[in-house]
Each structure stands twice: as structure tokens, then as C-alpha cells.
Number of protein chains: 2
Amino acid sequence: MYINKLLMTPGPTNVPKRVLNKMNELVFHHRTKEFGRVFEEFNERLKFIFQTNNTVLTFPAAGTGGLEATIVNMFSKKDKILAVSVGVFGDRFIEIGKTFDLDIEVINIPWGKGVEIEEIKSKLREDHKALIVTHNETSTGAVNDIKKIGEFMKDKNQLYIVDAVSSLGGIEIQMDNWNIDVLISASQKALMSPPGLTFVGVNEKAWGFAESSNISKYYFDFKKAKKYMEKEIAQTPYTPAVSLILGTNESLKIIEEEGLYNVYKRHEKLATRFRDGVKKLGLDLFVDKKYYSNTITSIKLQNKADKLKDIMEDEFNIVIAGGQGILKDKIIRVGHMGCVSEEMINLTLDSMKKSLEKIY
Amino acid sequence: MYINKLLMTPGPTNVPKRVLNKMNELVFHHRTKEFGRVFEEFNERLKFIFQTNNTVLTFPAAGTGGLEATIVNMFSKKDKILAVSVGVFGDRFIEIGKTFDLDIEVINIPWGKGVEIEEIKSKLREDHKALIVTHNETSTGAVNDIKKIGEFMKDKNQLYIVDAVSSLGGIEIQMDNWNIDVLISASQKALMSPPGLTFVGVNEKAWGFAESSNISKYYFDFKKAKKYMEKEIAQTPYTPAVSLILGTNESLKIIEEEGLYNVYKRHEKLATRFRDGVKKLGLDLFVDKKYYSNTITSIKLQNKADKLKDIMEDEFNIVIAGGQGILKDKIIRVGHMGCVSEEMINLTLDSMKKSLEKIY
């Protein structure tokens, strides 16, 4: 039997019925004026949520596709890069870079913490072509201070590249004002749409890098995608995922109706409420206060994490996530992003309390 | 106002309400047993429609992503390949191969025709690592004799790679019996689902090629995708497009209910009916009888093609396609694949008749 479970995971997240219904309208053909109009509207909405006047490209792919697309379009083989990793997804970006022959220097931060600006200042060299940082690390729930790093990156020749897959639409980020040159996100996190789309914001400086890149690319070719977007009727080079674009367009409309800053405030309020509730249950948070995330909370539960996760799902129909990599069975991760209300937070806390009673 | 238009295009095609409704159920998380079960069921269904006992991989991407994935996983730089092009999509496969530094010898067939087996026999050399052929060329509506070529390819060391994006599920194809080593398709054509998924069938011989490939890949890594598929609970390395998998799984179920060979027969019957109707309107088909496609019919309409296309859409709410590349405004292309009935064929013919009366 199909049971509607509450998704309190760090993505995919709950998709509002309004978004699902929008996708339930018949798919229309992508080489039509109708699609062009929706796509143009959609692209404007993406620019708003990215807080940018630059182009935001859309590809049918997982967020990992967006990370790969950034690497193969921005760089040439042997380019030197400085990359920060604070967890699994920081590591993944670095692994992709190495796969495509980049020479990557890594700032490895202990999991659960964010990077300090001093460390970046001391490690970034003139010959680094870019700095890569994760905004919100999905595997730990730690946030990096993208704004402060952006102040340091202002007017530098290097690219400032930010993975905002699990933050965009939940935690404030301003591509243009914070001097971010390439910003990557995806549909299934705080943007509360089904998975399958990745978005990449690219500014003028980054387009210059695209011009000189010598890594082979075809499907993820930024320049071709931009060329098609700027046709008289906006298009994509290859068949777009029309239903997902319709859905995400509706999600972005919902965010605009609530007001982008109200959405951030709601995330902050619910995250605080959740963290406070977790502490009241006698549990410890995995992340230091300084790096608290408003979209994900991870909680220490040595050797009981996976059990709690299973009870929450099997008996309370609430899906949360366990730890990844070295954090397996050591933490649980609860997502509170996108389509989340106070009631959902309360229900999750209450079910956690009852589940813990079953374990201990 | 939103009008439900009839899609008689060569994809994306009409999506059955049953498929849309399936996607309207809440998206569930991809790292759960539920998703694993659906994904395993889905993978079995894909194997059935591919007519293979080998692995069929799924990636969130357009069909072009599946073509690129094939190139970067099967080959090494400078590998010599023989590729047949009978139109835009044959050219695209070749362009992708060249982008990734393959040494491609091309058999260029005049648009509107298919390749003859003799030409392949005379051009395929020992040092070619593979033969690449399009099953059904979406830009012209010509079909290549994949079965006959497969008989010739039997027991050869070379890979036989077939692009079946616009044929699979509409025109008979048997991956294993016809000696196809890599078979590529997508969700939005005869599989009557929304765009956003590409599928690649890979046999044992092809896995051997994957082992020695030296082209950089990450998102489209076949070996990693297979490893995740074979976990205790089937998974994907990166977030799968859950709603599209749910939808396509439903489409495949619909095809199984009708019976795969009944589906082929319906396509054949409707294609014949449509071609006969077009001839009765006094129009000429673009493709020779020998290469007729049961999923797409292209019709000569020198300098009137785009006008007819516009009238059909604006006044009759039927979306058809125009010519691509050198065929622009020279032909129209009508898709009759997937969710298509006799009534739709009749309506399309009737509307074409009325539209033509407005032009001439």
C-alpha cells in the first residue's frame, strides 16, 4: 500500500500539492511558443532566487551534474584550484575536479565545522584559478560563511564558486552582492520540487573562463545552453525536462508569494525551534553553534542513529536521514527545508521522543 | 489560458493521464526501501522493453546525455569508429564522438534514406572499435534495418551501438537477439513519459570496453551506476529523478498490459493509416517506402511546411514538427508514437486537410 510519508530529509523534500498538480497538466512540446514563454518566466524567477542579474542555466540532471558542468566549463586541464571540503559534498566536488585533471589544493575541515576566513586567506595563492566552497554541507549540516568569504574574493581574478544545492531558497544567498561567480543548485531541496533539474548561475567573469576552457564537454556545454536561452523564443539545446520546469516554476512562484525573506525567516524560526526541541530531548547537536544550518540539523546518536531512523520511518512514517561515510550510524540528519511548517517540526520532535523511548 | 494541445510531434509525446497521476503521488525519498523496490521493478521492465537480460542504466538527462554517456564510457581517445548518419541525430552522435577526440569515419546517407548493409560491409574495418547506427532518425523519419546489420555484427569484436531514442517501444527492437551491445533510449518518445530520463542498455562485451576506456567521466559513469544498482537495495549514485521514474514505470506497465507486440502492431497500423491518408491529400512522403518509420512520418511541403505547422497549432491545437537543418520549411514531421489512437490519426489528417485548404 502506498503511504504518504513525511519527508524530513535533507532532500528530496516534500513537494507541495500545487507543484504536483502543475506537473499533472499535460506536458507541452518544448519547441513551442508556450514553452518559450514559461521558460523565460522561469529563468527570470531563477535569477530572482539566485539574487543575480546574470544568466542561470538549467540542465536535466542531478545536482552532481551541475557540479561536473561547472568543472568542465570553467577550467582547463592542470588548472590549480583551491577547494574547501567540510564533508561528503565538498569531497565530491573535489573528486569531480580531479577526475577532469584539475590540480586541486584542499582545505579539509573537520566534519561538523565550517571553514574560517583566515584559513582561506592564508591558502589562496595568485596561481589558483578558483576557490570552491560548499554553502550548506548536506552530509553534516554545517554552513560556511559565504558572504564573508565573498567580501574577501571581491575584485580578485580568481573565480568564487559556491555549491548551494541544499541551501538555495532556504538560507540567504546573494549571488551578485556576495561576489559569487558561479552558483550551483538543484530542484529537490529547499526549492521543494521533484529531483531532476540542476541550475547554474554564471556571471560575466565566469563566462570569460568558459571562453578559454579546454576540457571536452557536450551535454553540459554552458555556451551552447546560453545561446539557446537567448533565441527569440527561449530554448534549450536538448530536450528540456518540461514537467519538472513547470513544477519548479510553480515552486518559485510559491516562494515569491510568501516573500523570499519571509521564507528565510521561516526557515530560521523552524530550525531554531527544532534545535531547541532536540536539546530538550537530551540529545547533542553534531555541529557547533557557529555553523548551524537553517535547512539541516544533524544529531549525535552513536550506534543508535540507524535504528532511530528505521523506527521513525516504519512506525511514524517520517523519513529522516542517517550519517554518510565516516558518520554512518553516528548521526541522524533531519531536513527542515522548503515546504515545512511548525506542525511538521512538532510532529517530528514528538515522534523522535517516542522512538527514543523505544530504543532506550 | 491553458489549452491541452494534441502532441503529434516526434517527442515529447502525449503522456497518458495514468502516468501523470502516478507522478502526482507524493515523491518519496530515494534512499528508502520503497524506492529500491520501485527501482528494481522499473529496471526489470526496462530490460523487457529492451528485450535484454543485460543491465539497463537510467540517468536523469535528455537522450543526448545518453549518447554522450555511451561515448565517454565505451571508448578511449583516438579510438577509430565507423558511424552512420542518416540525419540530424546521426550527425549529433558523431559530433559528440569528435568532441571527445574519437577518430570517426562517417557513412553519410542522403537524408530521407536508410543505410544499406552492403555499405557497412564495405566500410567496417578490423581497426574500427565500433559501429554506431541510429535506429529511427527523428529528423527525417527514416528507419535503418538494425536487425539485418546485427546479423552481420554477430560474433565481431567491434561494438554495435544503436540509438533507439525515437523507436524503443514503438518499433520492434531486440537488444540481445539482434546482437546489439549498447542500446540508448529516452523517456519522452514512444515510452510516453515526460522528458528527463535517458536509458542505456549495456551487455557483457560492452562492459569489457568500459573497463579499458580512458575518457574522463563522473556523472555518467556506467560502472558506478551499475555498482549502485546492484546494492542490496537498488540505488543510483546521485539523486534519481524519482517522479519521472514513477511515471515511466507506469508507462512501461501500460505497454505490458497492451502487450509489447500488440503495441508494435498498433504503431504499424496507425502509421500505415496515416501515410495512406497523407497520400490521399495529394502530398508526397519524404522517405522512400523501404525506410518507412512506424513512429514518424515526414511529408514534403516546400516553403509551406512552417506555415502548415503554425496553422495546425494555432487553429486546430495539434502540435506537429517542422524540418530541422537543411530540411527547414521543406518538410513537416508528424509523430505517431506512444499514446496514439486511430481517432488522433483521423483528427490529424482532417485538420491537415483543412489547414492545407487555408494555404492553397
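The values are calculated or read from the model by the stated rules, or taken from the named source; none is laboratory data. Because the structure is a prediction, the values reported are computed rather than measured. Note that each Cβ is placed from the backbone with ideal geometry, even for glycine, and that neighbours are counted across all protein chains shown. Only protein heavy atoms, including side chains, enter the accessible area calculation; ligands, DNA and RNA are left aside. Shrake-Rupley method; radii C 1.70, N 1.55, O 1.52, S 1.80 Å.
Is segment B:85-178 best put as rounded, prolate or oblate by its Cα gyration tensor, with a ≥ b ≥ c the root eigenvalues, rounded for a/c under 1.5, and otherwise prolate when a/b is larger than b/c, oblate when not? Cα axes put segment B:85-178 in the rounded bin.
Each chain gives up part of its surface: B and A jointly bury about 4700 Å² of accessible area, both sides summed, for a 1.4 Å probe.
For residue B:226 and residue B:117, what is the calculated FRET efficiency with R₀ set at 35 Å and r taken between the beta-carbons, to the nearest 0.05? Taking R0 as 35 Å, the efficiency between residue B:226 and residue B:117 is 0.60. Of all lysines in the structure, the ones whose alpha carbon falls short of 21 Å from that of residue B:156, not counting any fewer than 8 places away in one chain, are B:78, B:80, B:121, B:123, B:129, B:147, B:148, B:205.
With θ taken as phi - 60° and the Karplus curve 6.51 cos²θ - 1.76 cosθ + 1.60 applied, the whole-hertz 3J(HN,Hα) list for segment B:273-284 is 4, 5, 4, 4, x, 5, 4, 4, 6, x, 9, 9 Hz, x standing for glycine and proline. For chain B, relative contact order (Cα pairs under 8 Å, six or more residues apart, normalised by length) works out to 25 percent.
Starting from the Cα of residue B:329, step 7 Å along the direction of its Cβ; do the same at residue A:33; then give the gap between the two resulting points in nm. Modelled inter-label distance: 1.8 nm. For segment A:73-182, the solvent-accessible area with a 1.4 angstrom probe is 34 square angstrom per residue. For the protein assembly as shown, the Kirkwood estimate of the hydrodynamic radius, built from every pair of different alpha carbons, is 26.3 Å. Here each label is just a point 7 Å from Cα along the line to Cβ, and for residue B:350 and residue A:177 those points are 5.9 nm apart.
Residue B:101 label point (Cα plus 7 Å toward Cβ) to equivalent points in the other copies: 0.5 nm, shortest first. Here chain A is assigned +1 on the Cβ of each Lys and Arg and -1 on the Cβ of each Asp and Glu. Its dipole about the Cα centre then comes out at about 340 debye. For segment B:269-360, build the charge dipole from Cβ charges (+1 Lys, Arg; -1 Asp, Glu) around the Cα centre, then report which of B:317, B:291, B:334 sits farthest towards its positive end. The residue sitting most towards the positive pole is B:291. Inter-copy label distances for residue B:289: 8.5 nm (label point placed 7 Å from Cα along Cα→Cβ; shortest first). Each copy carries residue A:157; placing its label point 7 Å along the C-beta direction from Cα gives inter-copy distances of 4.9 nm, listed from smallest up.
Proximity of backbone amide H atoms, modeled 1.01 Å from N, is registered between residue A:331 and A:301, A:323 at under 5 Å, excluding neighbours fewer than 5 places apart on the same chain.
From its DSSP helices (H runs of at least four residues, each -39,500 (n - 2.57)), chain B gives a residue-normalised ellipticity at 222 nm of -13000 deg cm²/dmol. The accessible-area ordering, largest first, of the residues A:228, B:218 stands as A:228, B:218, per a 1.4 angstrom probe.
For segment A:113-231, the gyration tensor built on C-alpha atoms gives an oblate shape. Its axis ratio a/c (a ≥ b ≥ c) is at least 1.5, and a/b is not larger than b/c. Magnitude of the charge dipole for the protein assembly as shown, about its Cα centre and with charges confined to Cβ atoms of Lys, Arg (+1) and Asp, Glu (-1), is about 280 debye.
With R₀ set to 25 Å, the beta-carbon distance separating residue A:154 from residue A:283 gives a calculated FRET efficiency near 0.05. Simple rule: put +1 on each Lys or Arg Cβ and -1 on each Asp or Glu Cβ in segment A:17-256, find the dipole, and look at A:87, A:104, A:249; the Cα lying farthest toward the positive end is A:249. Projected label points at residue A:21 and residue A:253, each 7 Å from Cα along the beta carbon direction, are separated by 1.1 nanometres.
The 3J(HN,Hα) values that the Karplus relation (6.51, -1.76, 1.60; θ = phi - 60°) gives for segment A:73-83 are, in residue order, 8, 8, 10, 10, 3, 6, 4, 8, 10, 9, 10 Hz. Gly and Pro appear as x.
Less than 5 angstrom separates the built amide H of residue B:107 from those of B:83, B:84, B:85, all sequence-distant by 5 or more or on a different chain.
For chain A, a Gaussian network of Cα nodes joined below 10 Å ranks A:58, A:295, A:236 by mean-square fluctuation, and the top entry is A:236. Residue-wise HN-Hα couplings along segment B:126-136, as the Karplus relation 6.51 cos²θ - 1.76 cosθ + 1.60 with θ = phi - 60° gives them from phi, are 4, 7, 6, 7, 6, 10, 10, 9, 8, 6, 10 Hz; Gly and Pro carry x.
So for segment B:18-256, Kirkwood radius off the Cα pairs, Stokes-Einstein at 4 °C and 1.567 mPa s: how many µm² s⁻¹? Answer, rounded: 72 µm²/s. Under 5 Å from the amide H of residue A:159 lie the amide H atoms of A:130, A:131, each residue being 5 or more positions distant or on a separate chain, with H modelled from the backbone and absent for Pro and chain starts. Exposed loop positions in chain B were taken to be GluC sites (Glu not before Pro) whose DSSP state is not H, G, I, E or B and which have at most 15 other beta-carbon atoms within 10 angstrom. Between these positions, the longest stretch is B:233-360. A simple charge model with +1 on the Cβ of Lys and Arg, -1 on the Cβ of Asp and Glu and nothing else charged puts the dipole of segment A:92-192 at about 180 debye relative to its Cα centre.
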